[in-house]
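Notes to accompany the following structure.
The values are calculated or read from the model by the stated rules, or taken from the named source; none is laboratory data. Fair warning: this is a prediction, and the values are worked out from it, not measured in the lab. Virtual Cβ from ideal backbone geometry, glycine too; neighbours counted across all protein chains shown.
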Amino acid sequence: MRHAARIDANQADIVAAMRAQGASVYLIKLPVDLLVGYGGKTALVEVKNPNSRYGRAGLNTNQQSWLASWQGGTVATVDSVEAAQRLLAVMA
């Protein structure tokens, strides 16, 4: 779906924080960045970096198209460790 897989600069910190809280986190890249399991629930997670032009632009056209057709479970977008922690709190 993506033309080039970009890894947001904040992704490593977000993944580390989620794992530190006990989440299972797998880097999947497509169709979103992460597969997260926590509290018996699963979420697909797209990481965006608010400090980059690309990240501030939000979901790209391919991501928007995929999301519009997705009929599965939760898809979340996180842009910080705090947002990732909020997601885990909802999943708990």
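Overview of results
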read-out: Within region 71-92, considering residues that are in a loop (DSSP other than H, G, I, E, B) and in contact (Cβ under 8 Å) with a residue 24 or more places away in the chain, the one nearest to residue 39 (Cα to Cα); value: 92
read-out: Search result, residues across region 17-28 that are within 23 Å of residue 6 (Cα to Cα) and surrounded by fewer than 14 Cβ atoms within 10 Å (Cβ to Cβ); value: 19, 24, 26, 27, 28
read-out: Residues (under 17 Å from residue 20 (Cα atoms) and of a type in the set (D, E, K, R)) located in region 55-92; value: 82, 86
read-out: Identity of the residue in region 3-16, part of a loop (DSSP other than H, G, I, E, B) and exposed (fewer than 13 other Cβ atoms within 10 Å of the Cβ), that ends up modelled with the lowest pLDDT; value: 3
read-out: Selection within region 34-70 - at pLDDT below 95, among the polar types (S, T, N, Q) and not in a helix (DSSP H, G or I); value: 49, 51, 52, 60
